[in-house]
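Contents: one structure, followed by commentary.
Read the figures in this text as sums done on the coordinates, not as results from a lab. Note that the structure is predicted; figures quoted are calculated from it, not measured. When we count neighbours, we look across all protein chains shown, and the Cβ atoms used for this are built from the backbone with ideal geometry, even at glycine.
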Amino acid sequence: FRLTMAARVALVFAVIITKACADCPQPADPAMRGVNLGGWLVLESWITPSLFSQHGVPAGSGEWEFCQHVGSGAACAAALQSHWASWLTFTDLQTLAGSGITHLRIPICY
């Protein structure tokens, strides 16, 4: 039984948000309160226009076009890894948890 990269990421963030929320007040009702973390693992120029313009990629492009424009291989990997490392932080997760967010939707590429 092997986990895909997406499943690993989701599992790690489930653990992180649980730890981030350990001291958060629990809501009186069991309603799910969620937020979408779009623009983090799936690039969309309408969510992260600065990332695209910073690399000279035209608006309306997606991740495929981004990598074609930036350059496949190491150049694209470096740009993506920098984005992934900075788009969402542990502090962001703590803020979400402290605001009553109980569920995260993490879009992933196929």
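How high is the FRET efficiency between Ile47 and Ala74 when r is their beta carbon distance and R₀ equals 30 Å, given to the nearest 0.05? Spell out each step's value before the answer.
Details: r = 25 Å, r/R0 = 0.82.
It comes out at approximately 0.75.
Other residues with beta-carbon under 15 Å from the beta-carbon of Ser53 carry, at +1 per Lys or Arg and -1 per Asp or Glu, a net charge of -2.
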